[in-house]
Amino acid sequence: MTKDVFDDFFESYEKICFNWVQQFNFEGLWGRAQSSSYSPAPGHPNHEPLKKAPSDLFEKYQNNGKTNFEYVTELIIGS
C-alpha cells in the first residue's frame, strides 16, 4: 500500500469516489468547454483554436450525435 497525501493531514479518513456521466451534443460540449474559468474568451487569439479540439474529439467519439463526458468526484472525510 502506498502512502496517500492525506496521511499527512488526517489521523484517519475515508475516501469515497462517485462516478458519473453527462451526455452532450456538440453545442453542449462546446458550452461546457467555454464555461471553464481558464477558457479563452471570444476575441482572444486562442478562442477559435480551442473550438477545433472539442469538434475533432466530438466527431471521433460521438454516437448518434452525443458524446459522454465522464467525471470522478472524490470525497475525503476525516479527522
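The values are calculated or read from the model by the stated rules, or taken from the named source; none is laboratory data. Just so you know, these numbers come straight off a predicted model, no measurement behind them. Cβ: placed from backbone, ideal geometry, glycine included. Neighbour counts: every protein chain shown.
Would you check if Ala41 is within 21 Å of the chain's Cα centre (by Cα) and either in a strand (DSSP E or B) or over 22 Å from Asn68 (Cα atoms) (or both)?
Spelling it out, Ala41 is indeed within 21 Å of the chain's Cα centre (by Cα) and either in a strand (DSSP E or B) or over 22 Å from Asn68 (Cα atoms) (or both).
Residues of the stretch 44-79 that are small (Gly, Ala, Ser) and assigned to a helix (DSSP H, G or I): Ala53, Ser55. Please verify whether the stretch 38-45 includes one or more residues that are under 30 Å from Val5 (Cα atoms) and loosely packed, with under 10 Cβ neighbours inside 10 Å. Yes: one or more hits. Somewhere in the stretch 15-36, is a residue exposed (fewer than 10 other Cβ atoms within 10 Å of the Cβ), under 15 Å from the mean Cα position of the chain (by Cα), among the small types (Gly, Ala, Ser) and at pLDDT below 90? There is at least one residue in the stretch 15-36 that is exposed (fewer than 10 other Cβ atoms within 10 Å of the Cβ), under 15 Å from the mean Cα position of the chain (by Cα), among the small types (Gly, Ala, Ser) and at pLDDT below 90.
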